[in-house]
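The values are calculated or read from the model by the stated rules, or taken from the named source; none is laboratory data. The structure displayed is predicted, hence computed values, not measured ones. We place every Cβ from the backbone using ideal geometry, glycine too, and count neighbours over all the protein chains shown.
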Amino acid sequence: MLTHPSIVSTLRRHHLFSQLPDKVFEEVCSLAMLKRLSCHSTLMRQGDPAKRFFLLVSGQIKLYRLTGEGQENLVEIIQPGQTFAEALLFSQARLYPVSATALKDSVLVSIDGHHYRNALEDQPKVCLAILASMSVHLHLRLRDIDTLTMTSASRRVINYLLQERHPVTGQIVLQVSKRLVASKLGIQPETFSRILHRLVECGLIAMERRNISILAEEQELAAFQ
């Protein structure tokens, strides 16, 4: 049962729970659990029964898939305040399609999926919020597919930088290691590092650890090979 006041409050503010009547929300909390994961601990594995979904309170979670050859492909990095695995509540999927591992010491709320889905039967506003969330995730996945279909590794890296840059400052802060970014782009870590160094040498970007500044116009980056 979830009883910690600040975490209950965090859950209540999330759009998946903010519209629930008090009684229904209390029932959801009664079946929710608080989970603590140490760094590198696994929360779930690809192919496990999909019975619960999660809200990340603190830390960082990596979602990834393993290919038949055992290669790890990064799907998404979950940040505090985000939920994940809730889309499975409305599909025929019985198993988690991804694995989840903590990149930092993490605290999560684990919610009973079956009970939550039943609670939504008379809550159209919450259903609309879930549809909106699923739409955002679909848009992100389509964007990732567009990036992966680019044949040039250089084009994948440049496209990633343009997508991740801050709309005002133009800065990019890598939230995860270069190895994980390379996995998301479907290239080797050495290839990713080599392309970044070439961009620096050409004066197109500047780098300081995980902080990247784009110095060139988009047209100049587009011409980079």
Scope segment 52-81; condition touching a residue at least 60 places away in the same chain (Cβ under 8 Å) and surrounded by fewer than 16 Cβ atoms within 10 Å (Cβ to Cβ); matching residues: 72, 73, 79, 81
If a residue must be within 13 Å of the chain's Cα centre (by Cα) and either surrounded by fewer than 15 Cβ atoms within 10 Å (Cβ to Cβ) or at pLDDT below 95 (or both), how many such residues does segment 88-102 contain? 1
Can you give me the number of residues within segment 200-225 that are under 18 Å from residue 179 (Cβ atoms) and either out of contact with any strand residue (DSSP E or B) (no Cβ under 8 Å at 6 or more places or on another chain) or not polar (S, T, N, Q) (or both)? 4
Could you tell me whether residue 24 is part of a strand (DSSP E or B), touching a helix residue (DSSP H, G or I) at 6+ places or on another chain (Cβ under 7 Å) and not aromatic (Phe, Trp, Tyr)? no
Could you tell me how many of the residues in segment 86-121 are free of Cβ contacts under 8 Å to residues at least 60 places away in the same chain and under 25 Å from residue 174 (Cβ atoms)? 3
